[in-house]
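This report refers to the structure that appears directly beneath it.
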Amino acid sequence: MEIILANPRGFCAGVKRAIAIVEHALKFYKSTIYVKHELVHNQYVIKDFKKKGIIFIENILDVPDHSVIVFSAHGVSKQVEQQAIKKKLIILNATCPLVKKVHVEVSKASKKSIETILIGHQGHPEIIGTLSRYDNKKRKIHLIENIQDIKKLKIDKNKKIKFFTQTTLSVNNTKSIISALRNKFPNISGPKTEDICYATTNRQKAMIQLTQISDIIFVIGSKNSSNSNRLTELGKEMKVPTKQIESFLDIKKKWLKNIKYIGVTAGASAPNILIEEVIKHLKKIGAKNIREIQGIKEEKIFKIPKNLIYMKKK
Ligand code: 0JX
Ligand code: SF4
């Protein structure tokens, strides 16, 4: 058996920044640090931070006044921001700058009263945060998840319309939705640059390469990780048996019967240690070689806020 590694795989710049923010907070604050929602959708990362004393909460009202709160990489709603200010919390905002960019654009559309369509998954924290940036008093923001949802839209075709998307969607699927939107609403316009982020796009491209060589693919990523789920979906669409796993412990030996090439990739929130453990395990059960596919080199780095780096212990 041979292991083929997708490239790129694993942590993106937004996740690295979010983790660095919490690590800095742990160094600089003696008091309890609260995180609104899972910082990133990965069980290993969350367990590790819980061991270090971080408390994850869903309801901001559960945080005692004046505490330190970190907003997750997926961003929060405007209301949560306002509640945090009201409670005089010390806010460390780990929202990915690429999610923030969509927030800003949606706010602009709202201020200009342009009817807006958001493509994304209902209930996902990023979508909750993005929808909240639009004030629905004069015009509306409409969430659609698929092409079928377009039929339900009650929007005047002759008016100016804007669309935006979640950052972690399927690139192919979103293209089809956008093209159906453009057919129905000739006046619609989208973002200048793609809302689906570079990391999502690159990992999906690498996944397609992996499907060309692999007999089976392991996607390391938690069940609630949208970008990891999209990789698994893509593998299956390309007719390659694809298993989404939390760690090497989920690998069943029977899956590897008559398999020569084992593809391995990881979602943007899955740490390197999990990839290393999968490789170690596969070697232990018979894989002889490792090959890394040549892929897109990622150089994006998101710096953590300066005031955190130079902060004195509190
Ligand atoms: O569920 P998502 O893919 O949006 O989040 P995850 O798995 O935590 O990935 C990193 C954060 C992505 C934000 O856009
Ligand atoms: Fe940011 Fe993209 Fe990573 Fe999400 S997946 S945190 S948008 S870089």
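Does Lys52 count as at pLDDT 95 or above, under 22 Å from Ile304 (Cβ atoms), away from ligand 1 (no atom under 16 Å from the Cβ) and open to solvent by 50 Å² or more (accessible area, probe 1.4 Å)? Yes; evaluated as a whole, the condition is true for this residue. Taken over segment 242-255, the criterion of being more than 27 Å from Val45 (Cβ to Cβ) and touching a residue at least 24 places away in the same chain (Cβ under 8 Å) is satisfied by Lys253 alone. Residues in segment 82-115 that are of a type in the set (Val, Ile, Thr) and within 16 Å of ligand 2 (Cβ to nearest atom): Thr95, Val99, Val102, Val104, Val106. Run Asp65 past the list (1) free of Cβ contacts under 8 Å to residues at least 40 places away in the same chain; (2) within 23 Å of Arg133 (Cα to Cα); (3) open to solvent by 60 Å² or more (accessible area, probe 1.4 Å) and report the number of the one that doesn't hold. Just one mismatch for Asp65, condition (2). Taking residues in segment 203-227 that are outside the structural domain of Thr174 (by TED's automatic domain parsing), and partners anywhere that are part of a helix (DSSP H, G or I) and of a type in the set (Asp, Glu), the pairs with Cβ atoms closer than 8 Å and at least 6 places apart or on different chains are Ser226/Glu126. How many residues does segment 25-43 contain that are open to solvent by 10 Å² or more (accessible area, probe 1.4 Å) and more than 16 Å from ligand 2 (Cβ to nearest atom)? Qualifying residue count for the region: 9. Checking each residue in segment 6-20 for being within 11 Å of ligand 1 (Cβ to nearest atom) and assigned to a helix (DSSP H, G or I) picks out Ala13, Gly14, Val15, Lys16, Arg17, Ala18, Ile19.
Does Ile144 qualify as being among the hydrophobic types (A, V, I, L, M, F, W, C), within 16 Å of ligand 2 (Cβ to nearest atom), crowded, with 16+ Cβ neighbours inside 10 Å and within 28 Å of Gln79 (Cα to Cα)?
In short, no.
Sort through Ile119, Ile91 and tell me the only one that's open to solvent by 10 Å² or more (accessible area, probe 1.4 Å) and more than 13 Å from the chain's Cα centre (by Cα). On inspection, the qualifying residue turns out to be Ile91.
Of the helices (runs of 4 or more DSSP H) entirely within segment 163-267, those holding at least 2 residues that are under 24 Å from Leu282 (Cα atoms), modelled with pLDDT of 95 or more and open to solvent by less than 40 Å² (accessible area, probe 1.4 Å) occupy 198-213, 226-237.
The values are calculated or read from the model by the stated rules, or taken from the named source; none is laboratory data. Quick caveat: nothing in here was measured; it's all calculated off a predicted structure. Positions of Cβ are backbone-derived with ideal geometry, glycine not excepted, and every protein chain shown enters the neighbour counts. Side chains included, ligands, DNA and RNA excluded: accessible areas come from the protein's heavy atoms. Shrake-Rupley method; radii C 1.70, N 1.55, O 1.52, S 1.80 Å.
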